[in-house]
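Data block below; observations after.
The values are calculated or read from the model by the stated rules, or taken from the named source; none is laboratory data. For clarity, every value in this text was computed on a predicted model and none was experimentally measured. No Cβ is skipped: glycine too gets one built from the backbone with ideal geometry, and neighbour counts run over all protein chains shown. What goes into the accessible areas is simple: the full protein's heavy atoms, side chains included, and nothing from ligands, DNA or RNA. Shrake-Rupley method; radii C 1.70, N 1.55, O 1.52, S 1.80 Å.
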Amino acid sequence: MTDKLQWDADEFGWFGGAGAWGGRFMPEALVSALDELTVAYADAMADPEFVAAFEGALVDYANVPSPLYEAKHLSAEYGVKILLKREDLNHTGAHKIRNVLGQALLTKRMGKTRVIAETGAGQHGVASATAAAYFGLDCTVYMGRVDTERQALNVARMELLGAKVVPVESGSATLKDAINEALRDWVASVDHTAYLFGTAAGPHPFPSMVRDFTRGIGDEARAQCLAKYGRLPDAVAACVGGGSNAIGLFTAFLDDADTAIYGYEAGGDGVETGKHAATIAAGGAGVLHGARTYVLQDEDGQTIESHSISAGLDYPGVGPQHAWLAASGRATYEPVTDTEAMAAFQLLARTEGIIPAIESSHALAGALRLAPKLAAEKGEDAILLVNLSGRGDKDMGTALDYFELASSRKGEAK
């Protein structure tokens, strides 16, 4: 049996021991803010009133617990029980609402009046704007210009919710650059501003804090699986960019040695092409956005651009706890190409009537790759649980182009 405590960070934010994964590599101007946040977070989580308020907001506002759905058509086709944790049914359409409700509630407790956030696919930005409106906070969201174009619907949502969306032109104009700009803002405004970090990465205490606010995904799924099937799943799967939905699912199963854990990274055009975001599969140890973790980097240690058809997965780093889980062998991480993900996207729509986010389609594609092996080893009663982290309406523009649906309609009209 695995010792659960070893998976937690120490007091300095290191996973796997001092100097291993995580820590805090930040400008001096932010160290006191991170210290303040660390103390405030620990105090809040020890306060039953704060915990009750957080859990109440999840139930009454965010529509959790999300259901656990057995995908019967896919199960019949692949010979194992395939269960989908329906985080796409949460308010705002993704698991992100869990994290931001916790962080925004903590912001109110700390007496700050403004929040900033970064976003790639827009789901964290929409969730942050929603939480800011709910708690009466000013909100600014940084987003790479490229992502504002491919996620225009989510930009409109954020602005409708009252947030200011700042397009970022630097670098590749995607998520990495949005984080850089958000950090610059935070340095200048930390006295009244909280940074709602969108994934389980960054400097201590963000990886632990995001994990704890999202761990309800796994806690609920574990309890629901036991209640419905009388046992735990043989394997759980989630997509991994920074890794917030994945760590939220995985945390509940870390001590369950008979449950295998799989994270699926964005393989883009294929790892061999260099156009991908498979940080663990093809990266190396380095420092990105304040934490030591796996990073895509060149021979000089400079972070290189990543690629994915999914705006939410093209991050050149990964949360440090995932780095630790990969290095320790507790979890297996594999790349999934754009082609595989889009095939899964289409398959789930046509077999189960569910249009998933492209991020989630990576998890499903990886799980479907695993299913035949699981069926051969354990038979048709094997259980494979997949986190459906978000809904796909935000990705319809990408799907229209990829499947050439718009041109097909034009062709019919001629």
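Going by the structure shown, is residue 187 aliphatic (A, V, I, L, M), touching a helix residue (DSSP H, G or I) at 6+ places or on another chain (Cβ under 9 Å) and either open to solvent by less than 20 Å² (accessible area, probe 1.4 Å) or modelled with pLDDT of 95 or more (or both)?
No, not satisfied.
Looking for whichever is surrounded by fewer than 17 Cβ atoms within 10 Å (Cβ to Cβ) and in contact (Cβ under 8 Å) with a residue 24 or more places away in the chain here; the options are 256, 298. Which one fits?
Within the list 256, 298, the selection yields 256.
Mind checking which pairs have a first residue in segment 320-337 that is more than 16 Å from residue 235 (Cα to Cα) and a second that is among the aliphatic types (A, V, I, L, M) and at pLDDT below 95, Cβ under 6 Å, 6 or more apart or different chains?
none
Can you tell me how many residues within segment 337-364 are small (Gly, Ala, Ser) and either within 12 Å of residue 74 (Cβ to Cβ) or touching a Gly at 6+ places or on another chain (Cβ under 8 Å) (or both)?
Qualifying residue count for the region: 6.
Of the numbered conditions (1) touching a residue at least 60 places away in the same chain (Cβ under 8 Å); (2) of a type in the set (A, V, I, L, M); (3) assigned to a helix (DSSP H, G or I), residue 232 fails exactly one; give the number of that condition.
The one condition residue 232 does not meet is (3).
Please pick out the residue among 400, 347, 405, 384 that is under 23 Å from residue 233 (Cα atoms), more than 20 Å from the chain's Cα centre (by Cα) and not basic (Lys, Arg).
Exactly one of 400, 347, 405, 384 is under 23 Å from residue 233 (Cα atoms), more than 20 Å from the chain's Cα centre (by Cα) and not basic (Lys, Arg), namely 347.
Scan segment 336-367 residue by residue and report those that are surrounded by fewer than 24 Cβ atoms within 10 Å (Cβ to Cβ) and in a strand (DSSP E or B).
Of everything in segment 336-367, just one residue is surrounded by fewer than 24 Cβ atoms within 10 Å (Cβ to Cβ) and in a strand (DSSP E or B), namely 337.
Tell me which of these residue 157 doesn't satisfy, since it passes every other one: (1) open to solvent by 10 Å² or more (accessible area, probe 1.4 Å); (2) within 19 Å of the chain's Cα centre (by Cα); (3) touching a residue at least 24 places away in the same chain (Cβ under 8 Å).
Evaluating residue 157 over (1) open to solvent by 10 Å² or more (accessible area, probe 1.4 Å); (2) within 19 Å of the chain's Cα centre (by Cα); (3) touching a residue at least 24 places away in the same chain (Cβ under 8 Å) leaves (2) as the failure.
Is segment 314-322 home to any residue that is surrounded by fewer than 24 Cβ atoms within 10 Å (Cβ to Cβ), in a helix (DSSP H, G or I) and modelled with pLDDT of 95 or more?
Scanning segment 314-322 turns up no residue that is surrounded by fewer than 24 Cβ atoms within 10 Å (Cβ to Cβ), in a helix (DSSP H, G or I) and modelled with pLDDT of 95 or more.
Quick grid of which residues meet (1) over 18 Å from the mean Cα position of the chain (by Cα); (2) surrounded by 16 or more Cβ atoms within 10 Å (Cβ to Cβ); (3) modelled with pLDDT under 95:
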| position | (1), (2), (3) |
| --- | --- |
| 146 | yes, yes, yes |
| 162 | yes, no, no |
| 165 | yes, yes, no |
| 177 | no, yes, yes |
| 193 | yes, yes, no |
| 197 | no, yes, yes |
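Mind checking whether some residue in segment 81-94 is open to solvent by less than 10 Å² (accessible area, probe 1.4 Å), touching an Asp or Glu at 6+ places or on another chain (Cβ under 8 Å), aliphatic (A, V, I, L, M) and in a loop (DSSP other than H, G, I, E, B)?
Checking segment 81-94: not a single residue is open to solvent by less than 10 Å² (accessible area, probe 1.4 Å), touching an Asp or Glu at 6+ places or on another chain (Cβ under 8 Å), aliphatic (A, V, I, L, M) and in a loop (DSSP other than H, G, I, E, B).
Would you please name the residue that is surrounded by the fewest Cβ atoms within 10 Å (Cβ to Cβ), looking only at residues in segment 5-29 that are in a helix (DSSP H, G or I) and within 24 Å of the chain's Cα centre (by Cα)?
5
Can you find a residue that is among the hydrophobic types (A, V, I, L, M, F, W, C), open to solvent by less than 80 Å² (accessible area, probe 1.4 Å) and either in a loop (DSSP other than H, G, I, E, B) or more than 21 Å from residue 106 (Cβ to Cβ) (or both) anywhere in segment 31-45?
The answer is no, given that none of the residues of segment 31-45 is among the hydrophobic types (A, V, I, L, M, F, W, C), open to solvent by less than 80 Å² (accessible area, probe 1.4 Å) and either in a loop (DSSP other than H, G, I, E, B) or more than 21 Å from residue 106 (Cβ to Cβ) (or both).
Taking the condition touching a Leu at 6+ places or on another chain (Cβ under 7 Å) and either open to solvent by less than 10 Å² (accessible area, probe 1.4 Å) or closer than 20 Å to residue 359 by Cα (or both), does residue 262 pass?
Against the criterion (touching a Leu at 6+ places or on another chain (Cβ under 7 Å) and either open to solvent by less than 10 Å² (accessible area, probe 1.4 Å) or closer than 20 Å to residue 359 by Cα (or both)), residue 262 qualifies.
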